Structure formats: C-alpha cells, structure tokens
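The values are calculated or read from the model by the stated rules, or taken from the named source; none is laboratory data. Keep in mind that this is a model prediction, so the values were computed, not measured. Using ideal geometry, Cβ is built from the backbone for each residue, glycine included, and neighbour counts are taken over all protein chains shown. With ligands, DNA and RNA removed, areas are computed over all heavy atoms of the protein, side chains included. Shrake-Rupley method; radii C 1.70, N 1.55, O 1.52, S 1.80 Å.
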Amino acid sequence: MKKIMLSTLCMLSLTSFAQEVNKKSLDSLFTHLNQQKIGAGSVSIFKNGKEVYANSYGNRDYENSLTNNTETKFRIGSISKTFTATLILKLIEENKLSLDTKLSKFYPKVLNSDKITIKDLLRHTSGIHNITDDVDYDSWLSTDFSKEELLSKIYNLKSDFDPSSEEGYSNPNYILLSFIIEDVTKKPYKDALQKYITTPLGLKNTKVGGKILDQKNEAKSYQYINNNYVLQPETSMSIPLGAGFIVSTSSDLNKFMYSLLSGKILKESTLQLMKKINETAGLGLFKDTADSSIGFGHTGGIDGFSSYSFCFDNNEFCYSFIKNVDEYSTSDLKNNLFNATHSKNISIPTKSTSFAVSNEVLKQYTNDYSSVEIPVTVKFFIENNNLMAQATGQRAFPLSATSNTEFEFAAAKIKIVFEENGNKMNLIQNGKTFNFNKN
C-alpha cells in the first residue's frame, strides 16, 4: 500500500472589519499556514503605490529548515515576460524598433520569420510552437545552453498556425525578444533591465537569475507529494531567458506592476496598447477578475514555483505573491488578499492528510484518455509511487486521492473521477465536467 494525499478545504470564516486592510484576518491566515505547514511563499499588498501588508509562510529550504521571509527571492517564471515586454516597448519609444519590425530582420531562420512581427511575439500570435510543451522537455531543462544551441532548437520548431491568425501562448516568443533586446542595445539583457526598470524604480531584489543561491536568501522549489515536500530540479536559466528567468520578491513585483500600470515607465499611449486584450493576451499583460473588479498583470510558473502579480480598481490595490510550494491554490490566495482589502470574509484551508491506495488500484488508471468534448488527451502514470497526470502540451502534475476512484490537483482545482474500473474518466474544473474514455 502507498499513501496518496487527501485534500479538503475547510471554509472557516474570519469576519472582516471595516478597515482598509483586514490585517488581523490576514495575520491569522498566515499563522495558520505556518502552524499547519501548508505550502510556502510570500505575499505583498500595495494601496495607491505603497505597501500596506506583507507576510511570508513556509520554508525556502526544507532540507535545512530555513524559513521564507519578506526579503526571500524567488524565481517568478512568466511574470518575466512583462519585464521583457516593457523593455521592448521602451526601445520602440526610442525608435530603435517598431511593432511592425519583422523577426526576419534578426532571425531569418525561424519558420515564417518574414511574416512574424515584434507585435506577434509580444501578443503570442506568432504561431511558433511552445518548446516547453514538448514531451522531451523535462529531459533537458537543467542543461545549460549557449545562444546558438537554443536558437538551433527554435529553428527546428514547427508553426502551430499562420502568424497573426490566432493566439497561442509560446515561450520562444519571449526568448527571441530577449535576444532582440541584446541585439538592439548591444549589451546583455541584465543591463537593459537595470537601466530601464530596476535602477529607476529601486528594485533591490530583482535580477536575472542563475543557480539558486540558498546562502543569499533565495528559495528552492518543491512539490507536495505523499505528505512530503519533494525538491524540484532547477531549470537552467539559459533556457527561458526573458520568458522566465527573473528572480524577485513580492514587494518588488508590486512596485514594478504598480509603476508600469500607473504610467511611470512607459508613455500613456504605449501603456494603452499594452493593455489592449484581443483574445486573452495583451502586449505582455493579461486581464484577471476578482469579484466585479478588473485587474491587469501576469502569472508565472517554473519548476515548483508559481507567481501572481496584478493591480485592480484602477491600480488602487496591487496583489503579488510567489510560492515555492504550490500546495495552496493561487485562486484561493488571490481571493483572500482581495477580500481582505474589500471588507469581505476570507477562508482558511486545512492541511492535506494521507489516503492509502493500492498499486493494484492505481494501475487500472495508467492509461491515456481522450474526449470528444475537448481536443485534449490525458495520460496517467505512476512516478515515485504517486499517480501523475499529463494533458496534451502540458507538464505532468501529481494527484491526491480522496477515495479509490477520486483524485484531485488542489493547486489548479482539478478533480478526476474514474468509473467502470478505469474505462471512463471525468475531469471537473471550474464547475465544468468533461467526459473521457480510455484509449
């Protein structure tokens, strides 16, 4: 028998008081997370450009029992794209580029480069296949690459659609934009980051990342599997570049996002272009909602890290957090931060407990499942004595058992229900149920 996590959510309410930020409830939440050992990370709330709340929870290093604090630096993943987009738009404002500049001017070997513009790269409408979706990506994510080696991989990528015809999130868009920044400025990316963003804004804890420096208050990342925090491999920062290689703190992210969205970095006309959403993406920005409020910002994920940075209510409130254990769901954490600033109740999660499922039962589910309702195949397999799931074009993730037939991935609020001895599977997310059959 092996143990699988059982995740539940206890909706205990902490009553909100009539104050700008319900610090008492938030302090109780993070005290609870620390005491019950639920996940790890740090949070920051800004009101009108000033930090009004900051806290941290869990460990940055579980092997050595080193705790997170508000100065701990984390890999922020794809929030790096907003930094990269800002740098590109600064160069456009300086007339060193244009949104219509063709990729072929810099990298003609990329498929369809004569049709792909800077705007396509920024907005994810290039059609370039997302290299991190490839099934073999995990086998080389920790390998250091030269520029030439990484470009060689990009040159071999197929096109998923004609440029400008639709939208498809792709990390190579921002890897190429990173190279273009260096080509135009004739300096390393980090120099442009310092010149245009970190130095003017005083972001003392934001930089281009490398190997994680544990002794310098940088966090490692983990997955919570079978009641244990399992250390995750480190992606070589030579791969994601401006698509995901920046290291920062929650406070620095809030300062950056507030400054950007308040017009302190780019011209107002440029900012409006950046915020214009076609399908889901703007120029390095996305839109999110909380209650009836609309916010702009970006999310991120790399290794075991996940991050969130958005400003709402015309930038009155900004919320940023970075997690190095994605045990406590992003949506629940975001909603609690928002509720604490809008006189609403917050909810308290409970710690996962173990549930025993035999290998014999799990082996029934180690199949591929497809659906006529959505064009996705989900593969289930056992890894390190844990049931894993992997959807088409996505990274694998661990599942927790709530019974012999029901599993969940709490971080994304996904529920999996197997029926007929594993011949059928239902995937439930965001209130929608999709029916799958075993291939």
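Some observations on this one:
- Residues in the range 245-393 average 37 Å² of solvent-accessible surface per residue, probe 1.4 Å, ligands and nucleic acids excluded.
- Kirkwood hydrodynamic radius of the range 188-267, Cα pairs, Å: 14.4 Å
- Binned Cα-Cα distance frequencies in the range 276-402 - 10 Å width, integer %: 10, 29, 31, 22, 7, 0
- Seen from all directions on average, the chain presents a Cα convex hull projection of 20.4 nm².
- CD proxy at 222 nm, helix term only [per DSSP H run n ≥ 4: -39500 (n - 2.57); per residue of the chain; nearest 500]: -6500 deg cm²/dmol
- Taking the 1.4 Å solvent-accessible surface of the chain as the whole, the part contributed by carbon and sulfur is 47%.
- Relative intensity, log₁₀ I(q)/I(0), of the range 105-264 from a Debye sum that treats every alpha carbon as a point, q = 0.10, 0.17 Å⁻¹: -0.44, -1.18
- Charge dipole magnitude, Cβ of K and R +1, D and E -1 - the chain, Cα centre, debye nearest 20: 920 debye
- Taking 0.36 nm per residue of separation and subtracting the current Cα-Cα distance, fully stretching the chain between ALA391 and ASP114 would add 96.5 nm.
- Pairs over the 23 Å Cα-Cα cut-off, from the set LYS158/LYS323; LYS264/LYS334; LYS415/LYS438: LYS158/LYS323; LYS264/LYS334.
- Solvent-accessible surface of protein heavy atoms, probed at 1.4 angstrom with all chains present, puts LEU150, LEU66 in the order LEU66, LEU150, largest first.
- Note on the chain: with a GNM built from Cα contacts shorter than 10 Å, the maximum mean-square fluctuation among SER309, SER165, SER113 falls on SER165.
- Exposed GluC sites (Glu not before Pro) absent - longest run of the chain, DSSP non-H/G/I/E/B, at most 16 other C-beta within 10 Å: 167-278
- Put simply, when 194-201, 336-343 are sorted by average Cβ atoms within 10 angstrom per residue, most first, you get 336-343, 194-201.
- Potential extension, GLU63-LYS23 segment - 0.36 nm per residue separation minus Cα distance: 11.3 nm
- Taking all Cα-Cα distances within the range 225-348, those exceeding 25 Å account for 30%.
- Residue order by solvent-accessible surface for LEU273, LEU141 is LEU273, LEU141, largest first, with ligands and nucleic acids left out and a 1.4 Å probe.
- The chain: relative contact order in percent, alpha carbon pairs under 8 Å with at least 6 residues between: 24 percent
- The simple Förster model, with R0 at 25 Å and r as the Cβ-Cβ distance, assigns ASP138 and ASN226 a FRET efficiency of 0.80.
- Taking the DSSP beta bridges with both ends in the chain, the antiparallel portion is around 95 percent.
- Fraction of the pair-distance distribution of the range 288-335 above 16 Å, Cα-Cα pairs, percent: 36 percent
- 18 Å Cα-Cα threshold exceeded, pairs from LYS379/LYS424; LYS90/LYS119; LYS50/LYS90; LYS73/LYS255; LYS363/LYS424: LYS50/LYS90
- Within the range 315-350, backbone nitrogen closer than 18 Å to the virtual label 7 Å beyond the Cα of LYS264 toward Cβ: 315-321
- More than 17 Å apart - percent of Cα-Cα pairs taken over the range 9-133: 73 percent
- Label zone at GLN215 (point 7 Å along Cα-to-Cβ), backbone N below 16 Å, the range 24-68: 64
- Where labels lie 7 Å past Cα in the beta-carbon direction, separation of LYS147 and THR280 in nm: 3.2 nm
- Stokes-Einstein diffusion coefficient of the range 116-159, Kirkwood radius over Cα pairs, 25 °C, 0.890 mPa s, in µm²/s: 209 µm²/s
- Cβ crowding within 10 Å averaged over residues, with 84-92, 128-136 ranked highest first: 84-92, 128-136
- Point-to-point label distance, THR289-LYS96, nm (Cα→Cβ direction, 7 Å offset): 4.0 nm
- Probe 1.4 Å, accessible area per residue of the range 78-119, Å²: 40 Å²
- The GNM of the chain, with springs linking C-alpha atoms under 10 angstrom apart, assigns the highest mean-square fluctuation among ALA290, ALA219, ALA54 to ALA290.
- Of the peptides 399-405, 297-303, the order by per-residue mean of other Cβ atoms within 10 Å, starting with the highest, comes out as 297-303, 399-405.
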